[in-house]
């Protein structure tokens, strides 16, 4: 509230207040939520693909298990881990770039 009062006292327009006060104030929380949702995405996405679809990462894991192709299975598990790590690294770099700039 103090920042909003300060922007009003400096005669900032609504657009300036939004761009210079409100968005920087909430950006850290939004990017933290994005980072957490990426983790939840992987926890939910892969098992859901195991249930009723005929394509996707989860389906491929079940298919390789049924075919006893354990080397492909482990490669897919490693790929899922690498993709998750890369997405988390992107979210961390965005957080560092936009919040701590």
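Every number in this text was worked out from the coordinates using simple rules, so none of it is lab data. Everything numeric in this text was worked out from a predicted model, so none of it was measured. Note that we place each Cβ from the backbone using ideal geometry, even for glycine, and neighbour counts take in every protein chain shown.
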Discussion item. Please rank 31, 51, 41, fewest neighbouring Cβ atoms within 10 Å first, as an exposure proxy.
Written reply: 51, 41, 31
Fill in: Difference of contour (0.36 nm per residue) and Cα-Cα distance, residue 79 to residue 43
11.5 nm
Worksheet item: What percent of all Cα-Cα pairs in the range 27-99 falls in each 10 Å bin, counting up from 0?
Response: 19, 40, 25, 14, 3
Worksheet item: Using 0.36 nm per residue, how much length does the chain from residue 70 to residue 21 gain when fully extended, once their Cα-Cα distance is taken away?
Response: 12.3 nm
Item to complete: Provide the packing ranking of 22-28, 61-67, i.e. peptides ordered by the mean count of other C-beta atoms within 10 Å per residue, highest first.
Response: 61-67, 22-28
Worksheet item: For 85, 60, what ranking results if the residue with the fewest other Cβ atoms within 10 Å of its Cβ goes first?
Response: 85, 60
